[in-house]
2 protein chains.
Amino acid sequence: MPDLAICAKESDSIIMDNFPFSLRTLNLKVTPKRLAILAILMEETVYLSPEEIWGKMKRRFKRIGLPTVYRNLEELSEGNIISKVNHPNRKLYYYLCKNQSHHHHFICLSCRKVEDINFCAAKKINKEVKTKLKGKVISHILQVNGLCKTCSKKSDI
Amino acid sequence: MPDLAICAKESDSIIMDNFPFSLRTLNLKVTPKRLAILAILMEETVYLSPEEIWGKMKRRFKRIGLPTVYRNLEELSEGNIISKVNHPNRKLYYYLCKNQSHHHHFICLSCRKVEDINFCAAKKINKEVKTKLKGKVISHILQVNGLCKTCSKKSDI
DNA sequence: GTATAAATAGAAATGATTTCTATTTAATAT
DNA sequence: ATATTAAATAGAAATCATTTCTATTTATAC
């Protein structure tokens, strides 16, 4: 995995080799910090808080503000490049999903690992809402909270 | 629907006629304010914010603190007497569900009405997590956000 | 290069939610 | 009934994640 931050000045195509989505189509400029945030998330298998991402950013950038991290995470999330995790503790976490098809997440409340659930009730939900409630679905949240294989074996949780 | 607040000094059975659950089994005392919060939610078909509930409480009680409302809502929610609504705006809302069987909610982002979705993916989810991920499900959130029949007809949304 | 619109830093503000302590009250035992 | 005690509450204050603000910097298009 190349250091994407140092690619910032190069052509978009290099970036696109690694990210199957385009910042340009979202009208987002390709900045070193934006790429670094993506790179950090690409390398992770767990969801991270904005503050944790900021901590990692500070290792690379002398000057990096927490609002920058928040702003970028929100923009990337709105562009469906990364996903928000609705943690029961009410804090926001973010995760870059490598699986492009629509699916849902199983999040481990202990180690924070995110695993894909290849199951989606969207069709049934849309049908139910359309036929019975005559309403219009804008979004649906399906998130499964629990303990992953490893964590469920530990007794101290 | 009787004024439950004035029943506070009476026997629990009167209260239980109206609420198909017991505060006692949750080790919660039957206080006038707790009952009033329940009564407010019982009368509503939309989800309310803690502050809105506080506003209604102030009509009846000269002295009522917002932390009391928050504390009660959290306790009642933990006891599964009321449900939390995960609004996209990240604020907490509460709703007293009259339907006792497990189901999910369709929430209208415009008028806040809550409607039941008689569909639950729990079985499939549990099977998926158990067999494929070898993990343990603690909870699942399925919430459908959208516009209800009435609101989806309005053009100004 | 130059223009310009977007992105950023850093400080400050926001605001929902929680904590704290003294006081009051409901539940229980007498 | 009354005393006891553990829970609930008021009100003020604190917390803290998140957002806003303004001046400065930077990516991008020309």
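Which condition from (1) away from chain A (no Cβ under 11 Å); (2) touching a strand residue (DSSP E or B) at 6+ places or on another chain (Cβ under 7 Å); (3) within 23 Å of A:L92 (Cα to Cα) is the one that B:N89 breaks?
The number of the failed condition is (2).
Select from the range A:27-50 the residues that are more than 9 Å from DNA strand D (Cβ to nearest atom) and without any contact (Cβ under 8 Å) to a residue 24 or more places away in the chain and write down the one among them that is least open to solvent (accessible area, probe 1.4 Å).
Going through the range A:27-50, the residues more than 9 Å from DNA strand D (Cβ to nearest atom) turn out to be A:27, A:35-48.
Filter again for without any contact (Cβ under 8 Å) to a residue 24 or more places away in the chain, leaving A:27, A:40.
Details: A:N27: 138, A:I40: 20 Å².
Among those that are more than 9 Å from DNA strand D (Cβ to nearest atom) and without any contact (Cβ under 8 Å) to a residue 24 or more places away in the chain, it is A:I40.
From the list B:C111, B:C120, exactly one residue is within 13 Å of chain A (Cβ to nearest Cβ), more than 16 Å from DNA strand C (Cβ to nearest atom) and closer than 23 Å to B:K153 by Cβ. Which is it? Steps first, please.
Values: B:C120 fails: closer than 23 Å to B:K153 by Cβ.
From the options B:C111, B:C120, the qualifying one is B:C111.
Only residues that are open to solvent by 10 Å² or more (accessible area, probe 1.4 Å) and closer than 20 Å to B:L142 by Cα: list them for the range A:143-152, please.
To start, the set of residues in the range A:143-152 that are open to solvent by 10 Å² or more (accessible area, probe 1.4 Å) comprises A:143, A:147, A:149-150, A:152.
Hits for the range A:143-152 are A:Q143, A:L147.
Looking at the range B:123-157, which of its residues are part of a loop (DSSP other than H, G, I, E, B) and more than 7 Å from chain A (Cβ to nearest Cβ)? Reasoning before the result, please.
Let us first name the residues in the range B:123-157 that are part of a loop (DSSP other than H, G, I, E, B), namely B:134-135, B:148, B:154-157.
Those that are part of a loop (DSSP other than H, G, I, E, B) and more than 7 Å from chain A (Cβ to nearest Cβ): B:K154, B:S155, B:D156, B:I157.
Being assigned to a helix (DSSP H, G or I), within 6 Å of DNA strand C (Cβ to nearest atom) and more than 16 Å from A:K29 (Cβ to Cβ) is the filter here, so list the residues in the range A:56-71 that pass it. Can you show your working first?
As a first pass, look at the range A:56-71 and keep what is assigned to a helix (DSSP H, G or I): A:56-60, A:66-71.
Still in the list and also within 6 Å of DNA strand C (Cβ to nearest atom): A:67-68, A:71.
Within the range A:56-71, just A:P67 meets the criteria.
In the range B:94-108, how many residues are surrounded by 13 or more Cβ atoms within 10 Å (Cβ to Cβ) and either without any contact (Cβ under 8 Å) to a residue 40 or more places away in the chain or within 16 Å of DNA strand D (Cβ to nearest atom) (or both)? Let's see the steps before the verdict.
At the first step, the residues of the range B:94-108 found to be surrounded by 13 or more Cβ atoms within 10 Å (Cβ to Cβ) are B:94-97, B:103-108.
From what is left, the residues that are either without any contact (Cβ under 8 Å) to a residue 40 or more places away in the chain or within 16 Å of DNA strand D (Cβ to nearest atom) (or both) are B:94, B:97, B:103, B:105.
Residues that pass the stated criteria total 4.
Specify the residue that is farthest from A:K33 (Cα to Cα); the eligible residues are those in the range A:65-78 that are surrounded by 14 or more Cβ atoms within 10 Å (Cβ to Cβ) and more than 9 Å from DNA strand D (Cβ to nearest atom).
A:S77
Of the residues B:I53, B:I81, only one is buried (at least 19 other Cβ atoms within 10 Å of the Cβ), farther than 18 Å from A:R90 by Cβ and either hydroxyl-bearing (S, T, Y) or within 13 Å of DNA strand C (Cβ to nearest atom) (or both); which? Give the steps one after another, and end with the answer.
Values: B:I81 fails: either hydroxyl-bearing (S, T, Y) or within 13 Å of DNA strand C (Cβ to nearest atom) (or both).
Just a single option satisfies the conditions, and that option is B:I53.
Scan the range A:127-142 for residues that are of a type in the set (S, T, Y) and surrounded by 13 or more Cβ atoms within 10 Å (Cβ to Cβ) and report the count. Talk me through it step by step, then tell me what you get.
At the first step, the residues of the range A:127-142 found to be of a type in the set (S, T, Y) are A:131, A:139.
The next check asks that each one be surrounded by 13 or more Cβ atoms within 10 Å (Cβ to Cβ); those that pass are none.
Number of matching residues: 0.
Kindly evaluate A:E74 against the criterion of being outside the structural domain of A:E115 (by TED's automatic domain parsing), at pLDDT 95 or above, away from DNA strand C (no atom under 15 Å from the Cβ) and part of a helix (DSSP H, G or I).
Values: outside the structural domain of A:E115 (by TED's automatic domain parsing): yes; at pLDDT 95 or above: yes; away from DNA strand C (no atom under 15 Å from the Cβ): no; part of a helix (DSSP H, G or I): yes.
Here the answer is no, as A:E74 does not meet what is asked.
Given the criterion surrounded by fewer than 19 Cβ atoms within 10 Å (Cβ to Cβ) and not assigned by TED's automatic domain parsing to the domain that holds A:T31, identify the matching residue among A:K62, A:K124, A:K91, A:K58. Explain how you work it out, then say what you get.
Numbers: A:K62 fails: not assigned by TED's automatic domain parsing to the domain that holds A:T31; A:K91 fails: not assigned by TED's automatic domain parsing to the domain that holds A:T31; A:K58 fails: not assigned by TED's automatic domain parsing to the domain that holds A:T31.
Only one candidate qualifies: A:K124.
If I filter the range B:98-114 for residues that are over 25 Å from A:K134 (Cβ atoms), assigned to a loop (DSSP other than H, G, I, E, B) and either more than 18 Å from the chain's Cα centre (by Cα) or modelled with pLDDT under 90 (or both), do I get at least one hit? Reasoning before the result, please.
Of the residues in the range B:98-114, the ones over 25 Å from A:K134 (Cβ atoms) are none.
No; the residues of the range B:98-114 include none that is over 25 Å from A:K134 (Cβ atoms), assigned to a loop (DSSP other than H, G, I, E, B) and either more than 18 Å from the chain's Cα centre (by Cα) or modelled with pLDDT under 90 (or both).
When you scan the range A:148-156, do you find a residue that is closer than 15 Å to B:D116 by Cα and in contact with a Ser or Thr (Cβ under 7 Å, 6 or more places away or on another chain), even just one? Give the derivation first.
Taking the range A:148-156 as the starting set, the residues that turn out to be closer than 15 Å to B:D116 by Cα are none.
Within the range A:148-156 (the criterion being closer than 15 Å to B:D116 by Cα and in contact with a Ser or Thr (Cβ under 7 Å, 6 or more places away or on another chain)), the answer is no, since none of the residues qualifies.
Can you tell me which residue in the range A:1-44 is farthest from DNA strand C (Cβ to nearest atom), limited to those that are small (G, A, S) and at pLDDT below 50?
Residues of the range A:1-44 small (G, A, S): A:5, A:8, A:11, A:13, A:22, A:36, A:39.
Still in the running and at pLDDT below 50: A:5, A:8, A:11, A:13.
Numbers: A:A5: 11, A:A8: 10, A:S11: 15, A:S13: 19 Å.
Ranking the candidates gives A:S13 first.
For the range B:77-91, check the following and say yes or no: at least one residue is in a loop (DSSP other than H, G, I, E, B), out of contact with any Pro (no Cβ under 7 Å at 6 or more places or on another chain) and of a type in the set (V, I, T). Talk me through it step by step, then tell me what you get.
Residues of the range B:77-91 in a loop (DSSP other than H, G, I, E, B): B:79-82, B:87-91.
Then drop every residue that is not out of contact with any Pro (no Cβ under 7 Å at 6 or more places or on another chain), which leaves B:79-82, B:87-91.
If we keep only those that are of a type in the set (V, I, T) too, we end up with B:81-82.
Yes; the residues of the range B:77-91 include at least one that is in a loop (DSSP other than H, G, I, E, B), out of contact with any Pro (no Cβ under 7 Å at 6 or more places or on another chain) and of a type in the set (V, I, T).
The values are calculated or read from the model by the stated rules, or taken from the named source; none is laboratory data. Here the structure is a predicted model, which means the values were calculated and not measured. When we count neighbours, we look across all protein chains shown, and the Cβ atoms used for this are built from the backbone with ideal geometry, even at glycine. Surface accessibility is based on the protein's heavy atoms, side chains included, excluding ligands, DNA and RNA. Shrake-Rupley method; radii C 1.70, N 1.55, O 1.52, S 1.80 Å.
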